[in-house]
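Derivation of every value follows stated rules applied to the coordinates shown; laboratory data play no part. Note that the structure is predicted; figures quoted are calculated from it, not measured. Here the Cβ positions follow ideal geometry from the backbone for every residue, glycine too, while neighbour counts run over all protein chains shown.
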Amino acid sequence: MTADKAIAFIKKHSVVLASAKGPVPRLSEVIAGEPIKGSWWAHPKSHRIFDVFQVVADSADVLVCRLVNGKVTFVHRRLWPAVARIAKKFPANQVSQVHEEHTASGRHVTRDVPFPKWVPQTVMERAKGLSEQEAFDALGSWANLQVVPPDAQRRRAGKREKGSNLSMFEIKALTIMKFPDCFRK
């Protein structure tokens, strides 16, 4: 797959994970043309995957962040207003722009640009025209699972429902995912 086709794939799907498993497509598998077991670095097409990731990350039409499950995520420009509209509903690290660079010495450096510093003014203006629900709808059902209320962030660690491996927040999130119409206003 070429970088142009990868960007077209991101445009079509709007939100795509780089390589992690999750509720949206994985670009690494699309580039490889097959499911990848384990790390994509060990795949025979790892160099091609890396090269395409670099071009995608440099594209003016793609935001690189950690929006989905805190994992490297590519978001097409079309959804930036939706991300900007509900950014405060997400943990700050998930809506920061990620820049991954390799230094001359070969060292890998990751630099985050916090929200809203990465957001163009025109995108912020378009975001103001969206309702919160319109923004969530544009992102898709997975977005509701990413939102962690501030008080739940403090309680989440360690608090488990009796007889369950899931926290109360995780149970609520799964319930919302399974029965979304019950929770819409």
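Remark: spin-label model distance Ser39-Ser141 equals 3.4 nm, labels positioned 7 Å along the Cα→Cβ axis. Under 19 Å from a label point set 7 Å out along the Cα-to-Cβ vector of Arg48, the amide N atoms of the stretch 1-17 belong to 1-10. Taking 0.36 nm per residue of separation and subtracting the Cα-Cα distance, full extension of the segment from Thr110 to His13 would add 32.4 nm.
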